[in-house]
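Values in this text are rule-based calculations from the coordinates and carry no lab data. Here the structure is a predicted model, which means the values were calculated and not measured. Neighbour counts run over all protein chains shown; Cβ positions are idealised from the backbone, glycine included.
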Amino acid sequence: MRLRAPVRIFMIFAFLLAAPLASADWPADEAAIRQALSDSVDAFNRGDLQGHLAIYDESVEFMTKDGPRPGIAPIEKSFSERYFRDGKPIQQLRFEQLAVRRLTGDAAIATARWALSGGGQPDQAGWFTLVLLRKPAGWRAVHDHSS
């Protein structure tokens, strides 16, 4: 089916008008994602593991060297055993070189270097990639691949 010239022109015009509107929200979305990640780091460093994990959606899949771990409970167990002692973080967490990219209007990807230091322990560092989706409660990670 061929579209007539006025219809094609209207569609092109509508697309050109809509494209800037779709990206106009991205700066606010990116700021919200960066704030959620900052809040997660702050919660970790004050010993609030639940607050640290608030960035995750209940459906999150955490990729490990042994394969995927679905859900928040395995992440909480792993973090509490490996990074906390007596309800306090063993070391202080920070994210470096954080990059956030939009995938769609409701999906984004964040990559960064994570680093743990202090506590009389050797420094630790690695990289992570989060796939985030816009949820009613805000941006939440549905996939975490950390190394």
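Projected label points at M63 and A125, each 7 Å from Cα along the beta carbon direction, are separated by 2.2 nanometres. Remark: the F79-V142 segment gains 20.9 nm on full extension, using 0.36 nm per residue and subtracting the alpha carbon distance. With the alpha-carbon atoms of the range 77-137 aligned to their principal axes, the span from lowest to highest coordinate is 43, 25, 14 Å, starting with the largest.
Its residue count N sets the reference 2.2 N^0.38 Å, and the alpha-carbon radius of gyration of the range 25-146 equals 1.02 times that reference.
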